[in-house]
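Notes follow once the structure below has been shown.
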Amino acid sequence: MSDLVSIPADVPTQGMEPNGWIVVGVPTNFFATASAHARSGPLLGAAAEVRFTPVGFRWDYGDGASRTSVSGGASWAALNLPEFSETSTSHVFEQPGTVSIGLVASYAAEYRFGGGEWRAVQGLVLVPTTPIIAIADRTDTVLVAESCSVNPRGPGC
């Protein structure tokens with residue numbers, strides 16, 4: 001396993017909706033993308049290939065809550081859901097403030113030498129991402145007669 005660490009797995013991409021902002025009391029959607037991939041490098045003193053397959057995602061929402069999922073989730077548009085819908089990777093924040101949302105992807109690993117048979121590695125390779133820093137705040141609803149594109153000086157524009 002220590003040799004395997006020298007052949008790093010890809011860091012998944014991640015995102016959130018709305019981007020960088022959290023509305024207290026309604027779902028914020030988080031999603032990540034990771035795919036199976038192979039890397040070459042030295043393993044046990046010989047040239048080898050290591051194949052990484054994503055098997056799980058652990059979100060730490062920065063407010064004491066966390067969630068583990070098999071899927072990295074998806075955007076509301078990709079899920080064909082309206083904004084602020086509950087998803088398998090969403091979270092509802094209850095307090096305003098700045099939060100740091102962390103993600104760790106878990107990969108199953110296999111290796112092979114010289115194009116031979118793939119052999120499973122026991123355990124998982126954990127790959128952390130750079131945390132997303134977001135601001136959680138409360139919001140008010142304001143009824144207006146015109147959109148911001150029609151009246152850019154209107155409330156909330």
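The values are calculated or read from the model by the stated rules, or taken from the named source; none is laboratory data. Predicted, not measured: the structure shown is a model, and the values here were computed from it. Don't worry about glycine lacking a Cβ; one is built from the backbone with ideal geometry, like all the others, and counts go over all protein chains shown. Protein only, heavy atoms only, side chains kept; ligands, DNA and RNA dropped before computing areas. Shrake-Rupley method; radii C 1.70, N 1.55, O 1.52, S 1.80 Å.
Does Glu83 satisfy the criteria of being open to solvent by 80 Å² or more (accessible area, probe 1.4 Å), among the charged types (D, E, K, R) and under 25 Å from Gly15 (Cα atoms)?
Yes, satisfied.
Yes/no per residue for (1) open to solvent by 100 Å² or more (accessible area, probe 1.4 Å); (2) touching a residue at least 24 places away in the same chain (Cβ under 8 Å):
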| residue | (1), (2) |
| --- | --- |
| Gly102 | no, yes |
| Val121 | no, yes |
| Leu124 | no, yes |
| Ile133 | yes, yes |
| Asp137 | no, yes |
| Asp140 | yes, no |
| Glu146 | no, no |
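Checked against the criteria, Ala108 does not count as of a type outside the set (Asp, Glu), part of a loop (DSSP other than H, G, I, E, B) and under 19 Å from Thr13 (Cα atoms).
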